[in-house]
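Input: a single structure, listed below in structure tokens.
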Amino acid sequence: MAHRVFNFNPGPSTLPLPVLETIQAELLDYRGSGMSVMELSHRSPEFEEIMDSAIALTREIFDLPESYHVLFLTGGASQQFAMIPHNFLAQGGVGVYADTGSWSAKAIRESEIVGRTHVAYSGKTGDYRRVPADDELQIPADAAYLHITTNNTIKGTQFHHTPAVNPPLIADMSSDIGSIRREFTRYAMFYAGSQKNLGPAGVTLVVLRDDLVQRSNDSLSSVLNYKTQAGKKSLYNTPPCFPIYAVKLVLEWIRDQGGLAAVEELNARKKELIYGMIDGHPEFYRGTVEPASRSWMNITLRLPDEELEQRFVAEAKQAGLVGLKGHRSVGGIRASLYNAMPLAGAQALASFMERFMARA
Ligand code: PMP
């Protein structure tokens, strides 16, 4: 039996053990092909089946109607930061953004490079401790879209509602995709890098409505144009075959557990264990965000001083709980409880927190 720790890394991050076991079992000879998925042609029937299943599973899990395209692209979520304004600002509208943390700020920066950009809300002065309510969003009449970041991986906040707004809503769901139910058809587009809740790094799931695809900018280079990517069903160039295969296995794992409702229920139990410790011991474990905006995926907290935080991270590692250091830009502690973190991992962390506090 391999030695496996509880991996709280923010991404790349823990993967479901059954998925890794399937990959291991199928590695050398994928279903009688005599080769691994890494060696298959992206035009082979075997890979075609993998891609078709990944798309069908995405449609099923997120309950998407036919009007949505499901794409698997490269370049990470960061490339979407660029592709969105390049495709949708050429027609003259304004790129509108809610700034809820570093990743939103990076998306805004890319939009500013390309065209007219408006920040509808900025949480910066409040140290990004919460996400905005709808009436705090200032949206101009000529908005081409409103872009939000549903889960802020570094600061540990999350939208628990879908903003009700007029312009097409576009969401970076990189760090909470597939972990919680949402009204996905209220989003004109959502996207996520694979390396947190979907699989290994290397592919980006991009879901967008056909009317957005039709609006995309035809004067762009082909590879950056959503129309090319949708028209070629993500096979305009060689796709990242192996990450797509792993994502397909993760999507099957989500479906087999009972889909988003079941996954969400488990995630609720996991985050309650850790927030329970924070709320029960506010003099020792201090949450860094407003409770109504708390992320279920990335729980951020501070201890009474930095020396204790360093000891916490080091001793947790000794106890088999790895990856708890906060992002270098904010410090403190961050526990990432993505879908693949089992309940036992959250339980082990909560009891470590109890023991550490008693000793400190
Ligand atoms: N958005 C969010 C919310 C993220 O957490 C990250 C990565 N941590 C990114 C975007 C950037 O993703 P990528 O590295 O795939 O470009």
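The values are calculated or read from the model by the stated rules, or taken from the named source; none is laboratory data. Computed from a predicted structure; not experimentally measured. In this analysis, Cβ positions are derived from the backbone assuming ideal geometry, glycine residues included, and neighbour counts consider all displayed protein chains. Only protein heavy atoms, including side chains, enter the accessible area calculation; ligands, DNA and RNA are left aside. Shrake-Rupley method; radii C 1.70, N 1.55, O 1.52, S 1.80 Å.
The table for this structure:
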item	result
In segment 271-360, trypsin sites (Lys or Arg not before Pro) in a DSSP loop with at most 12 other beta-carbon atoms within 10 Å	Arg328
Cα gyration tensor, segment 121-277 - rounded (a/c under 1.5), prolate or oblate	oblate
Accessible surface of the chain, 1.4 Å probe, proportion on carbon and sulfur as whole %	51 percent
Whether segment 136-195 is rounded, prolate or oblate, judged on the alpha carbon gyration tensor where a/c under 1.5 counts as rounded	prolate
Lysines with Cα under 28 Å of Lys124, excluding same-chain neighbours fewer than 8 positions away	Lys106, Lys155, Lys196, Lys271, Lys325
Candidates per chymotrypsin sites (Phe, Trp or Tyr not before Pro) in segment 160-261, loop by DSSP, up to 16 other Cβ within 10 Å	Tyr236
Angstrom value of the Kirkwood radius, inverse mean 1/r, which spans all Cα pairs in segment 221-329	17.9 Å
For segment 18-257: accessible area per residue (Å², 1.4 Å)	40 Å²
Farthest positive-ward along the chain dipole, Cα basis, beta-carbon charges - from Gly115, Leu20, Pro282	Pro282
Of Phe312, Thr100, Ile180, farthest towards positive along the dipole that unit charges on Lys, Arg, Asp, Glu beta carbons give the chain	Phe312
Extension gain (nm, one decimal) between Ala105 and Ala2, 0.36 nm per residue minus Cα-Cα	33.1 nm
Length-normalised contact order of the chain in % [C-alpha pairs under 8 Å, at least 6 apart]	22 percent
Spin-label model distance (nm) - Glu39 vs Asp127, 7 Å beyond Cα toward Cβ	5.5 nm
The chain: C-alpha gyration tensor shape, a/c 1.5 cut-off, then a/b vs b/c	oblate
Full-stretch length increase - Val223, Arg59 - with 0.36 nm per residue and alpha-carbon distance subtracted	56.7 nm
Check: the chain dipole with +1 on Lys, Arg Cβ and -1 on Asp, Glu Cβ, in debye	600 debye
